[in-house]
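Notes to accompany the following structure.
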Amino acid sequence: MSVKSDKSILIVDDMETNRALLAMGFTDLYNILEAENGKQAMEIINAHSDIGAVLLDLVMPVMNGIEMLKELNNTGKINHLPVFIITSENSEDTLSQAYSLGAVDVIYKPFNLNFIKSRITNIIELYRHRNELAEVVNEQVEKLSKINQSMIETLAALIEFRDCESGEHVKRICGLTRILLTSISENYPEYYLDKVEIEKIVNASILHDVGKISIPDSILNKPGRLTKEEFEIMKQHTVKGGEILEHIPNVMDKDSYNYCYDICRHHHERWDGRGYPDGLKGDEISIAAQIVALADVYDALTSPRCYKAPFDHQTALNMIYNGECGTFNPKVLDTLRRNEENVKYEHETSAE
Amino acid sequence: MLDELKALGVNTDEGIKRFMGNAALYEKMMRKLPENIKAQNTMQHFADGDYEAALAATHTIKGVTGNLSVTPLFDAYSEAVSQLRNNQPDQARQTIENILPLEQKILDCIING
């Protein structure tokens, strides 16, 4: 006989004789817990995390087996806990109801302990294995998402390092993007934004300027106006950003990659088609890229640069509304108007 | 006691085998049978016309007598369960009444044994 397991078996039957018989069969393999009805059993299940299987009688006072199965379904516990129906029941209706409520097997009374022992033990080990695997997978997913995140942050840090912009720029872009997208999702259902999408876009916005890695220092950090030729090179950071991401498509999940790529390439497009690099117009530009574009402009205006002092909040807003930084989607501008106070607060708190 | 029960049709060999050879536990559980059966109040449920309760009671007794291999009672209560399921409460009651004399002998044997 194998070594005693660290798992418990919960025997639920109102008759002591039936419980004693089952208990005797399993006591050398598992810890035994007993309940006289479904209610007691649920209390035991809620208080113990080591239960490997439930052996459940159907006809019981207080809470019967079917009611208990329903309860296990409502709490979702049925997914991790094998329940065996132990019964002298042979009504098809009841048994098919038990199966449809997630019972793994039915054992008829009177039973032969030696047979049911192997059946039950096998299932317990199967569930244990499955539950452990599910845990391992969850851990891996969490690890991957952390790697995902730190990869994005590492790339962003590289740009910060080379750029004359402050290290806080990226954080402010994230904050502004989140405020504006949340408001868009509340007012413009046509953009189909939910919380999960918004967080993915916010994360992707971190990388909007990754293409600047490829721009020479002499242009990137030039303390004055760029010549026409220099500006043409500078504009290439959008295309280069996309190219850099194309080299590393597998370091993040597909949605994140698509958002990153789109934002890198299109955060300088403008609503009237006069942006770059592709001259996209109107809603050809994704809402993600439109919002990051606005956040980028606002932050550029309100931040000091090698070649200029920062504009104050209200001046920056006026310049945007007047179209001095290119044309934006009217819905996006309305969203900015609706959130002026939040935007100002975000700007002021992150500048500290 | 076990020999007398055997003479009354109880399959004690099979029962002890079901208890994995643990005759002491089998006997201990057998001693609880009279109380188990009495607690079900089966005939009272029939008298009250509460056939749902009667079904639960006969069903429970069927389970216990099956596990203990009290074969004559197991057979009778199994029959009664089917009859109740088929909406034949009068037949079910008759089935149980027919077995009551033997049931009493078996229970007496356990109580006095």
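Read-outs: derived from the displayed coordinates by stated rules, not from any lab. Model, not experiment: these values are computed from the prediction. So basically every Cβ, Gly included, is an ideal-geometry build from the backbone, and we count neighbours across all protein chains shown.
Which order do the peptides B:66-72, B:93-99 come out in when sorted by mean C-beta neighbours inside 10 angstrom, highest first?
B:66-72, B:93-99
Work out the mean other chain Cβ neighbour count within 10 Å for the residues of A:10-17 and drop it here as an integer.
5
Measure off 7 Å from each Cα along the Cα-to-Cβ vector at residue A:149 and residue A:106, then give the distance between these two points in nanometres to one decimal.
4.9
Relative contact order for region A:142-241 using alpha-carbon pairs under 8 Å, separation at least 6, rounded to a whole percent?
Reported relative contact order: 31 percent.
Which peptide among A:21-32, A:70-81 comes first, and what is the full order, when sorted by highest mean count of other Cβ atoms within 10 Å?
So the order, starting with the most tightly packed, is A:21-32, A:70-81.
Against the globular-protein guess of 2.2 N^0.38 Å, express the Cα radius of gyration of region B:1-68 as a ratio, rounded to two decimals.
Scaled against compact globular proteins, the figure is 1.27.
Over all residues in B:77-84, what is the mean tally of Cβ atoms on other chains that come within 10 Å of each residue's Cβ?
Average neighbour count from other chains, rounded to a whole number: 1.
For residue A:119, what is the net charge nearby, where nearby means another residue's Cβ is under 14 Å from its Cβ and Lys, Arg count +1, Asp, Glu -1?
-1
Which value in Å is the Kirkwood Rh of region A:6-83 over different Cα pairs?
12.3
Excluding residues on the same chain fewer than 8 positions from residue B:62, give the lysines whose Cα lies under 17 Å from its Cα.
A:109, B:32, B:38
Less than 13 Å Cβ to Cβ from residue A:260, Lys/Arg counted +1 and Asp/Glu -1: what total charge do the surrounding residues give?
Around residue A:260, the charge tally is -4.
Taking Cα centroids, how far is region A:279-295 from region B:1-61 in Å?
79
With an 8 Å Cα cut-off and a minimum separation of 6 or more residues, compute the relative contact order for chain B in percent.
Once divided by the residue count of chain B, the mean separation gives 32 percent.
Any idea which of A:65, A:88, A:121 is furthest toward the positive side of the dipole for region A:8-136, if Lys and Arg beta-carbons carry +1 and Asp and Glu beta-carbons -1?
Farthest towards the positive end: A:121.
Bins of 10 Å, beginning at zero and ending with the bin holding the largest distance: percent of Cα pairs per bin for the protein assembly as shown, please.
4, 16, 19, 11, 7, 9, 11, 10, 8, 4, 1, 0
So how do B:82-90, A:178-186 stack up, highest first, on mean other-Cβ count within 10 Å?
A:178-186, B:82-90
Residue separation times 0.36 nm, minus the C-alpha to C-alpha distance between residue A:192 and residue A:321: what's the value?
43.9 nm is the gain from fully extending residue A:192 to residue A:321.
Measure out, as a whole number of angstrom, how far apart the alpha-carbon centroids of region A:61-102 and region A:303-326 sit.
Cα centroid to Cα centroid, the span is 67 Å.
Need one value for A:104-110: mean number of C-beta atoms belonging to other chains within 10 Å of its residues' C-beta atoms.
3
Which entries of A:143/A:254; A:146/A:235; A:7/B:17 have Cα-Cα distances beyond 24 Å here?
Cα-Cα > 24 Å for A:146/A:235; A:7/B:17; rest within.
Give me the net charge of residue A:42's neighbourhood, meaning all other residues with Cβ under 13 Å from the Cβ of residue A:42; Lys, Arg count +1, Asp, Glu -1.
-1
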